[in-house]
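Taking it in order: structure first as structure tokens, then the write-up.
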Amino acid sequence: PQVEPCDMVVFGGTGDLAMRKLLPALYLRARDGQLDPGSRIVAVSRSGLDDAGYRDKVAAELRASLPAESASAEAVGDFLRHLHHITIDVSEHATFGALGEILGTDTERVRVFYLACASQLFGTICRGLDSAGLVDPRSRVVLEKPIGHDLASARRINDEVGTVFPEERIYRIDHYLGKETVQNLLVLRFANALLEPQWNSGAIDHVQITVSESLGVGGRAGYYDRAGALRDMVQNHLLQLLCLVAMEPPTALDREAVRDEKLKVLQALRPMVEGDVARATCRGQYGAGLIDGAAVPGYREDLDGAPSRTETFAALRVDIANWRWSGTPFYLRTGKRMERHASEIVVQFRPVPHSIFPGTEGGISPNRLVLRLQPDEGVRLHLVTKEPGPGGVRLRPVPLNLSFAETFQSPLPDAYERLLLDVIRGNPTLFMRRDEVEAAWAWTEPILAAWAASGEEPQRYAAGTSGPPGATALIERDGRTWHEED
Ligand code: BG6
């Protein structure tokens, strides 16, 4: 169904995120008739483009990034009519007046301000919008992650935004929460009675969460080098995934109930003290290597030779100090320029307590539930079965395989498509609340501090590999190995 008419103002309207994610997502929703024809998308940047120039730029991007059958000339043409561009220097509040002229005084429409820019600008932009009288009771603001670079800066930014928008109209986006498999995790856990009795440290040995990307930092080196993998991915995406795996059943699929439960998990993360950081974390940085047979430069070359110590890979062992999870570690890892572009959550169950089958003295492969976020979204449950044949009983682990693409035969929407519509509909359930973001920073900060204090370089790994040796050592110390799904 169509959402109500809205004006969506995108700060950072010519940036990487807007071009690669937001506009394609809005386009696809418009093409499917979900955007009201009267809705406007107003891109804000310092580029000096006019509407026509911006429309050309977006059209080129849509044609380049979407398959031809998704981007017909007619559908793209219709979408471009929604677009406007305006040049604003956000530090000059006087320039916000021009935005007011476009938006007018219609308070019937939902107004969304999407801040797809560096979080240091969030406060300034909100004050600019407020002083130009552009914030009305139906206005919402969307904040991209990471919010700040540590707890103090996140609090300051949240305070600044909070002087203009009340918490219920602040949408802190973590696009991982909009991914199909991530939402499906909630359904799998809470719409099937089978799993929940096993969902605890009594039955689960450990959990692995891997988000590996084969892309490098591309054109985002300026931002990335100040962030690194822990701030860019772990503090938000990976911890949010951990929360959804670990949280208690919320009483309803409701904005406060779900977020309350996630918050409790973040508050239960065992804090890393100094000695833990060396033992339970590993950071790496990619060097030159091969991705799909093609030579790619190392991270420092991507930064034009700057002697950076920023990590492009992080692996951690995380412990949750509560009744359900005590004794079940969660291993997280994420990296750029890895061998595979794959994200998955692996829930590894404990082995059977005793084997009755001859030849299995070394142990029987434990059950494993694998939730594949990308590519090939799906769920696999590895069970042990008997190999067919008249001989003895030979055991073999085989997966029960649910592929979303094969089962549902319909294209899966991108996370941003879902989340942008949720903003217009006024549903913040899949967005992070202030206390969650700050709890995640509070837990992350000692790791960042210990890394900085150690003076050590991140371990080098060649592009196109599965990360530095320290990541393997980290999990093998506990007698476990990283799962590599074929
Ligand atoms: C973003 C990070 O939040 O997520 C990027 O800033 C990363 O560095 C991206 O590449 C990964 O998202 P996805 O949806 O491609 O897995």
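Computed from the coordinates by the stated procedures, all read-outs in this text should not be read as laboratory data. Quick caveat: nothing in here was measured; it's all calculated off a predicted structure. FYI the Cβ positions are ideal-geometry reconstructions off the backbone, even for glycines, and counts take in every protein chain you see.
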For this session: For region 288-295, just list the computed ³J(HN,Hα) in residue order, Karplus coefficients 6.51, -1.76 and 1.60, θ = phi - 60°, integers in Hz, with x standing in for Gly and Pro.
Result: 4, x, 10, 10, 6, x, 9, 6
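What shape does region 369-475 have by the C-alpha gyration tensor, where a ≥ b ≥ c are the square roots of the eigenvalues, rounded means a/c under 1.5, and otherwise prolate means a/b greater than b/c and oblate the rest?
oblate
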For this session: Sort out for me the Cα centre separation of region 126-157 from region 326-360, rounded to whole Å.
Result: 40 Å
For this session: Tell me the label-point distance for the pair Arg189, Arg309, using the 7 Å Cα-to-Cβ offset, in nm and rounded to one decimal.
Result: 3.7 nm
Exercise. Which net charge results for the neighbourhood of Arg31, defined as the other residues with beta-carbon distances under 10 angstrom from its beta-carbon, given Lys and Arg at +1 and Asp and Glu at -1?
Worked result: -2
Exercise. Tell me, what is the Rg over Rh of the chain, with Rh the Kirkwood radius over Cα pairs?
Worked result: 0.98
For this session: Fewest Cβ neighbours within 10 Å first, please rank Tyr171, Tyr223, Tyr27 accordingly.
Result: Tyr223, Tyr171, Tyr27
Seminar exercise, completed: Whole-Å distance linking the alpha carbon centroid of region 219-274 with that of region 95-123 is 28 Å
For this session: Hey, can you grab everything whose amide H is under 5 Å from the amide H of Ala43? Only 5+ residues off in sequence or another chain; H modelled, so Pro and N-termini drop out.
Result: Val10, His84, His85, Ile86
For this session: Compute the length gained on full extension between Ala462 and Asp51: take 0.36 nm times their separation in residues and subtract their Cα-Cα distance, giving the result in nm to one decimal.
Result: 143.6 nm
For this session: Using a/c under 1.5 as the rounded threshold, could you call region 215-305 rounded, prolate or oblate? The axes a ≥ b ≥ c are square roots of the C-alpha gyration tensor eigenvalues, and prolate needs a/b larger than b/c, oblate otherwise.
Result: prolate
For this session: Obtain the nm distance between the two label points defined at Arg63 and Ser355 by a simple spin-label model: each point lies 7 Å from its Cα along the Cα-to-C-beta direction.
Result: 6.1 nm
For this session: Mind scanning Lys179/Lys264; Lys145/Lys262; Lys21/Lys179; Lys179/Lys262; Lys264/Lys336; Lys21/Lys57 and naming the pairs with a C-alpha gap bigger than 19 Å?
Result: Lys179/Lys264; Lys264/Lys336
Problem set entry | Antiparallel bridge percentage (DSSP; both residues within the chain; nearest 5) | 55 percent
Seminar exercise, completed: Counting sequence-distant residues (5 or more places) and residues on other chains, those with an amide H built under 5 Å from that of Gly464 are Met338, Glu339
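Count charges around Arg46 for me, please; just the other residues with Cβ under 12 Å from its Cβ, Lys/Arg as +1, Asp/Glu as -1.
-2
Using only alpha carbon pairs under 8 Å that are at least six residues apart, calculate the relative contact order of region 372-486 and give it in whole percent. Provide the component values of the computation, followed by the final result.
On the way: 62 pairs, mean separation 14.5, N = 115.
Result for region 372-486 is 13 percent.
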For this session: Output ³J(HN,Hα) for region 421-436: one whole-Hz value per residue in order, computed from phi by the Karplus curve 6.51 cos²θ - 1.76 cosθ + 1.60 with θ = phi - 60°, and x for Gly and Pro.
Result: 5, 4, 5, 5, 6, x, 10, x, 3, 8, 10, 7, 7, 3, 5, 5
Problem set entry | Cα lying deepest toward the dipole's positive end in region 146-276, options Val217, Leu241, Ala203, charges on Cβ | Val217
For this session: Could you pull out the longest piece of the chain with no exposed loop GluC sites (Glu not before Pro) in it, calling a site exposed if DSSP puts it outside H, G, I, E, B and it has at most 16 other Cβ atoms within 10 Å?
Result: 109-360
Exercise. Gain in length, Asp254 to Ser365, computed as 0.36 nm per residue apart minus the alpha-carbon separation, to one decimal in nm?
Worked result: 36.1 nm
